[in-house]
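Novice: Okay, handing you the structure first.
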Amino acid sequence: MKKSTILGCLIMLVLGCVVIAGCGSSGPSVAGVYKVEASGVTGTLTLKADGTGTISLTTSGGIPITYKVKNGSVVLAGMDGKELGSSDTFKIVNGGLEGIGGILWKKQ
């Protein structure tokens, strides 16, 4: 009886460690620079590993943003942390991020 109790506790300890180790993971890494070109305008979305970044429709500067990875998508938020809306949600796809209307922002 003691051996089964000890074995059960060890199994629970190992499983607990696995669960805790996985809690820090937020899915695939999306950090990088993404670009899209439409009607002669180039959009740039830069995502950093710390959850911050910029979005720009010009070649200079950019608007500071924060983001979260949720349900296979990148959800943009303002610097106050509030999500910007469904038009600022990008589905994570092979080769980049798919925005509203199926527009692909290619990872550079």
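Every read-out reported here was derived from the displayed coordinates using simple, explicitly stated rules and does not represent laboratory data. No experiment lies behind these values; they were computed from the predicted model shown.
Novice: On full extension of the chain, what length is gained from Leu84 through Lys70, given 0.36 nm per residue of separation minus the C-alpha to C-alpha distance? Don't jump to the answer; show the numbers that get you there.
Specialist: Values: separation 14, 0.36 × 14 = 5.04 nm, distance 1.38 nm.
Working it through step by step, the gained length comes to 3.7 nm.
Novice: Run the numbers for Ile63 and Ala31: contour at 0.36 nm per residue of separation, minus the present Cα-Cα distance, in nm. It would help to have the intermediate numbers written out before the result.
Specialist: On the way: separation 32, 0.36 × 32 = 11.52 nm, distance 1.67 nm.
Once the chain is fully extended between Ile63 and Ala31, it gains 9.9 nm.
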